1. If you scan segment 243-262, which residues turn out to be without any contact (Cβ under 8 Å) to a residue 40 or more places away in the chain and within 24 Å of the chain's Cα centre (by Cα)?
2. Which number in (1) modelled with pLDDT under 95; (2) more than 29 Å from S339 (Cβ to Cβ) marks the one condition that G315 misses?
3. Would you confirm whether any residue within segment 266-274 is in contact (Cβ under 8 Å) with a residue 24 or more places away in the chain, β-branched (V, I, T) and assigned to a helix (DSSP H, G or I)?
4. D184 fails exactly one of the following numbered conditions: (1) farther than 29 Å from P312 by Cα; (2) within 16 Å of the chain's Cα centre (by Cα). What is the number of that condition?
5. Anything in segment 274-296 that is among the basic types (K, R) and either over 23 Å from V130 (Cα atoms) or in contact with an Asp or Glu (Cβ under 7 Å, 6 or more places away or on another chain) (or both)? List them, or say none.
6. May I ask you to say which residue of T31, T43, T134 is touching a Leu at 6+ places or on another chain (Cβ under 9 Å), at pLDDT below 95, over 18 Å from D250 (Cα atoms) and in the same structural domain as L161 (by TED's automatic domain parsing)?
7. Suppose we filter A167, A147, A223 for residues that are without any contact (Cβ under 8 Å) to a residue 60 or more places away in the chain and touching a helix residue (DSSP H, G or I) at 6+ places or on another chain (Cβ under 9 Å); which single one remains?
8. For segment 281-298, how many residues meet the condition of being polar (S, T, N, Q), under 25 Å from the mean Cα position of the chain (by Cα) and surrounded by fewer than 24 Cβ atoms within 10 Å (Cβ to Cβ)?
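The values are calculated or read from the model by the stated rules, or taken from the named source; none is laboratory data. Treat the numbers as computed from the prediction; the structure is a model and nothing was measured. Cβ: placed from backbone, ideal geometry, glycine included. Neighbour counts: every protein chain shown.
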Amino acid sequence: MLTRHPRLLAVAVLWAVAVAVSTGQGKLTTTSFRNHPAIGYNTSPPHDAISELSRKIQTGDVTLEYEPVHGYLRSVLKALDIPIESQMLVFSKTSFQAPRITPTNPRAIYFNDHASVGFVRGGEVLEFLVQDPTQGSMFYTLDNTPASTFEFKRNNVACILCHTSDATENVPGPFIGSVYPEKDGTTAYGPATTTDHRSPFETRWGGWYVLGSHQGDRHLGNAVALDRSDLASMVTPESVHLKSLEGRFDLTGYLTPHSDLVALLVIEHQAHMMNLITRIGWEARIGSEIGRPLSQTAAELVDYMLFVDEAPLPGPISGPAGFEKVFAATGPRDSRGRSLRDLDLKTRLMKYPCSYMIYSDAFNALPQSAKDAIYARTWEILSGHDKSARYAVLSRADRQAIVDILDATKPDLPEYFRPQAIDAKRDY
């Protein structure tokens, strides 16, 4: 079985290309997985947000405007429909632009459901990670100088090395890391993990700036390790509940003065969900060579999609940039105004615990065999047919609401997936 969360962050990743992808027969390495004829990751033409933006720039339908310090960043975010409220700042040296990144010059990341943009002040390029509906995550750079020719260059070397490992389900994809950073942003020798909604609050965001209110006593954000013999001592009440970045560094060039806590919570969930969708899609296309039944991969994805193992949040939680309002404003709603994008932010991330990524182009583009397996497993849990104790976290009200919303908003839902079929007598 694949190593379950929490996973060690892949700091030394050069060996990852030799890791066996198959959990059954071990036939495929991560390299042969993405180069399999059924996948053709490096050879198939992409159909993602960047290839579409590039086409619009070449036809003159989109014009990018250069601004001092941040270059084309604002124009690019507008063209990709990425809200500036999603800004998050990471100051650990965990990017190919690492030499430029420090606690006084953090890397800014902005995102929506299918794309993220990285900006390093003083850097010559913007970084892009975008989700191709069938091929998974694609990596690009764009010259961010006034002399730019607006050629988006696909980066299949440096990015793939770090972004294909057990942390990403062995497909090219995003992950959120938490480290113990030293005062210049260098990662100290110590625990380093990938984080998602299953991670304890106190282990998250080492190497990130985190602004927002919460009731937690500890997380690793906003702090640097000054004593290598006692890394845990870097956490203080001030670092856990930082109110402002004023005085920490010069904010010139950043689109907001924030690194939003709610945005961080959302992207942690989304990153791993993206990888799980890519993974099952690739397995369905490759078939029996994978060495395990598709139902096993679907079960792992569905448990994550339904937040079964979610770590409790120390709410109420809010962010200073207004990201939660921007995030909740998009996406379909049922006749009662409910949406899978409604946030809870008290004890859990979502009000209705089913991932909004079920609406994504990547999910919709899955092979039918993959969607059939996912829907079948989802219905077993939501209907109450699976009475395992681990699903007690999903109350009947939760399950009923999720089915109601999906029935009203997901056109390809199977016929058996109906609200009136929920087990009214379900008793955990």
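1. So in segment 243-262, the residues without any contact (Cβ under 8 Å) to a residue 40 or more places away in the chain come out as 243-244, 246-247, 251, 257.
The one that is without any contact (Cβ under 8 Å) to a residue 40 or more places away in the chain and within 24 Å of the chain's Cα centre (by Cα): P257.
2. G315 satisfies every listed condition except (2).
3. Going residue by residue through segment 266-274, those that are in contact (Cβ under 8 Å) with a residue 24 or more places away in the chain are 266-274.
Among the residues that remain, those that are also β-branched (V, I, T) are: 266-267.
Those still in the list that are assigned to a helix (DSSP H, G or I) too: 266-267.
The answer is yes, given that some residue of segment 266-274 is in contact (Cβ under 8 Å) with a residue 24 or more places away in the chain, β-branched (V, I, T) and assigned to a helix (DSSP H, G or I).
4. Only one criterion in (1) farther than 29 Å from P312 by Cα; (2) within 16 Å of the chain's Cα centre (by Cα) is unmet by D184, namely (2).
5. Start the filter on segment 274-296 by keeping residues that are among the basic types (K, R), which leaves 279, 285, 292.
If the condition is that a residue be among the basic types (K, R) and either over 23 Å from V130 (Cα atoms) or in contact with an Asp or Glu (Cβ under 7 Å, 6 or more places away or on another chain) (or both), then R279, R292 are the ones that fit.
6. Values: T31 fails: touching a Leu at 6+ places or on another chain (Cβ under 9 Å); T43 fails: touching a Leu at 6+ places or on another chain (Cβ under 9 Å).
None of the other options fit; the residue is T134.
7. Details: A167 fails: without any contact (Cβ under 8 Å) to a residue 60 or more places away in the chain; A147 fails: touching a helix residue (DSSP H, G or I) at 6+ places or on another chain (Cβ under 9 Å).
Exactly one residue qualifies, and that residue is A223.
8. Here is the first cut: in segment 281-298, the residues polar (S, T, N, Q) are 288, 295-297.
Filter once more, keeping what is under 25 Å from the mean Cα position of the chain (by Cα): 295-297.
The next check asks that each one be surrounded by fewer than 24 Cβ atoms within 10 Å (Cβ to Cβ); those that pass are 295-296.
Result for segment 281-298: 2.
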